[in-house]
Amino acid sequence: MSFRKVNIIIWLLAAVLFLLVLHHNFLSLISLLRNEVSDSGILGLQPIYFVPNVHQHIVDGKQEIPVVIAASEDRLGGTIAAINSIQHNTHSNVIFYIVTLNSTADHLRSWLNSGSLKNIRYKIVNFDTKLLEGKVKEDPDEGESMKPLTFARFYLPILVPSAKKAIYIDDDVIVQGDILALYNTPLKPGHAAAFSEDCDSTSTKVIVRGAGNQYNYIGYLDYKKERIRKLSMKASTCSFNPGVFVANLTEWKRQNVTNQLEKWMKLNIEEGLYSRTLAGSITTPPLLIVFYQLHSTIDPMWNVRHLGSSVGKRYSPQFVKAAKLLHWNGHFKPWGRTASYADVWEKWYIPDPTGKFSLIRRHMEISNIK
């Protein structure tokens, strides 16, 4: 073989090797670009504010756990304490979707960027109140009708568009367990959500004056109305608490759950379907209808509630310590004057750097009088 032919073969091999390297680098670049687009494309169109370096769905090999929580201006301290308790009791890759109104966003961001919450992963989502037009009426006897963020839980697929599964929690909770355990709650096929049922709860059954039992359907729905009777739902059916739940968002979208909830909101305005002596939240009745016998259950220790139903202490210190999640549902909130177990909640509270939000405490009032 001539020297010239050897040179040609060497050049050809070098060219092939060069093309192979170039092809490998090109594929790597395409993969990188695809990941960036898939992670930010859809969400980038939403009114969401991003914290730097939170766009990865996998961090250190851990699956992302979306936790949705509302943040209203007058209860912002509750949201902060709940987030802090979750973050410090898990090693999981949690990302918080904090739903609020534009007027609260700056206050919330300044609080989150101070102290021990600087490193959390979160997205602030503006809730469009136009979603509720024609579905909620102004009723002075129903305070929640004037608080749009209480209905954020109805719109989870809009708020967390890229997630297949998510946790929703109220702002009046403290999480003492690893949120991963709640996220891993098994949901039966065809079920879009898992709730904690009131009848089987470790929480003591509560009797609401004039409303009958707070732990069954008749406490929330008006069974004198024909439309309710036609649903053939037993009035004695155990109700569930919607302040903490796990949602299968794929199934939620497949069943058009949000549309179903909106339907019953509208019908209530037209026909008054909720119990007149409503036992609890006005967001509960449509959920009870849509999820009647179509929901899974979460471990009762993941929603130990009624801590805000009275000023008295209903649980032993040992039980409170063992609870995975404590819920101050009721009128007496832990940031207020007369709440039970306020000391447990306050361990997770972070003072507001702006000074706009402050705890109301009885001992502070006494000292001011002196």
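Things worth noting here:
- THR100 satisfies every condition listed in (1) modelled with pLDDT of 95 or more; (2) under 26 Å from LEU288 (Cβ atoms); (3) in contact with a helix residue (DSSP H, G or I) (Cβ under 9 Å, 6 or more places away or on another chain) except (2).
- SER236 open to solvent by less than 10 Å² (accessible area, probe 1.4 Å), among the polar types (S, T, N, Q) and modelled with pLDDT under 95: no
- Looking only at the stretch 239-248, and only at residues there that are open to solvent by less than 30 Å² (accessible area, probe 1.4 Å) and assigned to a strand (DSSP E or B), the one that is farthest from ILE169 (Cα to Cα): PHE240
- Hits in the stretch 311-327 - residues which are open to solvent by 20 Å² or more (accessible area, probe 1.4 Å) and either among the aromatic types (Phe, Trp, Tyr) or within 25 Å of the chain's Cα centre (by Cα) (or both): TYR315, PHE319, LYS321, ALA322, LYS324
- The residues of the stretch 249-280 that are open to solvent by 30 Å² or more (accessible area, probe 1.4 Å) and either touching a strand residue (DSSP E or B) at 6+ places or on another chain (Cβ under 6 Å) or in a loop (DSSP other than H, G, I, E, B) (or both), listed by number, are GLN255, ASN256, ARG276, THR277, LEU278, GLY280.
- Residues of the stretch 143-198 satisfying the condition of being touching a Pro at 6+ places or on another chain (Cβ under 9 Å), open to solvent by 30 Å² or more (accessible area, probe 1.4 Å) and closer than 25 Å to TYR341 by Cα: GLU197
- Cβ-Cβ distances below 7 Å connect the following pairs, each with a first residue in the stretch 59-88 that is touching a residue at least 12 places away in the same chain (Cβ under 8 Å), a second residue that is among the charged types (D, E, K, R) and surrounded by fewer than 17 Cβ atoms within 10 Å (Cβ to Cβ), and a separation of six or more residues or different chains: SER72/LYS147.
- On the stretch given as the stretch 102-130, residues that are within 16 Å of SER72 (Cβ to Cβ) and open to solvent by 50 Å² or more (accessible area, probe 1.4 Å) total 6.
- The stretch 164-193 residues that are touching a residue at least 60 places away in the same chain (Cβ under 8 Å), paired with ones that are open to solvent by 40 Å² or more (accessible area, probe 1.4 Å) and in a strand (DSSP E or B) (beta carbon under 8 Å, 6 or more apart): LYS164/ASN248; LYS165/ASN248; TYR183/LYS165; LEU187/ASN248; HIS191/ASN248; ALA192/ASN248; ALA193/ASN248
- Some residue of the stretch 74-83 being open to solvent by less than 10 Å² (accessible area, probe 1.4 Å), over 21 Å from TYR183 (Cβ atoms) and in contact with a His (Cβ under 7 Å, 6 or more places away or on another chain): yes
The values are calculated or read from the model by the stated rules, or taken from the named source; none is laboratory data. Bear in mind that the values here come from a model prediction, so they are computed numbers and not experimental data. Glycine gets a Cβ as well: all are built from the backbone with ideal geometry, and neighbour counts include every protein chain shown. When the accessible area is computed, the model is the full protein with side chains, heavy atoms only, and any ligands, DNA or RNA have been set aside. Shrake-Rupley method; radii C 1.70, N 1.55, O 1.52, S 1.80 Å.
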